[in-house]
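The values are calculated or read from the model by the stated rules, or taken from the named source; none is laboratory data. Bear in mind that the values here come from a model prediction, so they are computed numbers and not experimental data. Cβ placement follows ideal geometry from the backbone for every residue including glycine, while neighbour counts extend to all protein chains displayed. Just so you know, the surface numbers come from the protein's heavy atoms only, side chains and all, with ligands and any DNA or RNA stripped out. Shrake-Rupley method; radii C 1.70, N 1.55, O 1.52, S 1.80 Å.
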Amino acid sequence: MRLSTRLATTAAALLLAAGALTGCSPLGGESSSAGARSGGSAGEAVAEGEPGFDNTGEPVTKGTFDSPIAPGAKVDIAIMGLKVRGRLATLLTQFTPRIPPGGEDNPNPYELNGRNGLGTSLIDPVNLKRYVVVKDSGGKELETHDIFTHIANNQTGNFSYTFAAPPENVKAVDVQIGSWPTFRNIPVER
């Protein structure tokens, strides 16, 4: 298979996956499941508002926790917000490593969490559900990679995680990141 054919096949697969995530049918119109749940097409719900970007602004909450990466090491974790768009919710976070001199200068969240994956999830206390990061059509989780993304010591790194959106009746969720304490009552912005 030639390289250009592979690229075209990959691009087509990504477009189909993007349509599936937004509830759009690849043949036009609306998907029956999205239209039945929302009373209109999924595209209508997503189209509201002006084009823009995820603004980190001020944190909803933050905490400083011990890190097993080195004796005396800490990590500041800030929850910047949880924003629903269509049928997806994006959690924005910030990590700031605080490692004493002589320790790692450019760690990643995996190392900050004791060489364990973060397993970031949302906990829905209304419907008694745990939401895990969604995957694309290639099986890749829609999140900032916790091993390949490094943060300079005493600098802040931005991380995002995408989940299926909690139902409308859920106004706040708890957020679990790694082995650190759970962040409680994080508002769901719609």
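Is it the case that region 114-137 has a residue that's among the small types (Gly, Ala, Ser) and on the phi > 0 side of the Ramachandran plot? The answer is yes; a qualifying residue exists. So how many residues does region 39-70 have that are of a type in the set (D, E, K, R), modelled with pLDDT of 85 or more and not in a loop (DSSP other than H, G, I, E, B)? Adding up the residues that qualify gives 2.
Is it the case that region 160-176 has a residue that's more than 25 Å from residue 76 (Cβ to Cβ) and of a type in the set (Ser, Thr, Tyr)? No; the residues of region 160-176 include none that is more than 25 Å from residue 76 (Cβ to Cβ) and of a type in the set (Ser, Thr, Tyr). Of all residues in region 133-190, those satisfying the criterion of being more than 20 Å from residue 57 (Cβ to Cβ) and among the aliphatic types (A, V, I, L, M) are 133, 134, 142, 147, 152, 164, 165, 170. The strands (runs of 3 or more DSSP E) located wholly in region 77-145 that include 1 or more residues which are farther than 27 Å from residue 172 by Cα and open to solvent by 50 Å² or more (accessible area, probe 1.4 Å) occupy 88-98.
Residue check: is residue 142 within 13 Å of residue 161 (Cβ to Cβ) and either in contact with a Gly (Cβ under 6 Å, 6 or more places away or on another chain) or among the aromatic types (Phe, Trp, Tyr) (or both)? Break it down stepwise before answering.
Working: within 13 Å of residue 161 (Cβ to Cβ): yes; either in contact with a Gly (Cβ under 6 Å, 6 or more places away or on another chain) or among the aromatic types (Phe, Trp, Tyr) (or both): no.
Criteria not met by residue 142.
Scanning region 175-185 for residues that are more than 14 Å from the chain's Cα centre (by Cα) and touching a residue at least 24 places away in the same chain (Cβ under 8 Å), which turns out most open to solvent (accessible area, probe 1.4 Å)? Going through the qualifying residues, I end up with 179. Among the residues examined, residue 159 does not qualify as open to solvent by less than 40 Å² (accessible area, probe 1.4 Å) and either on the phi > 0 side of the Ramachandran plot or touching a Leu at 6+ places or on another chain (Cβ under 7 Å) (or both).
When region 147-190 is examined, which residues are found to be part of a loop (DSSP other than H, G, I, E, B) and β-branched (Val, Ile, Thr)? Scanning region 147-190 gives 147, 149, 151, 156, 170, 177, 182. For region 144-181, a residue qualifies if it is within 22 Å of residue 88 (Cβ to Cβ) and among the polar types (S, T, N, Q), and the qualifying residues are 144, 149, 158, 160, 162, 169, 176.
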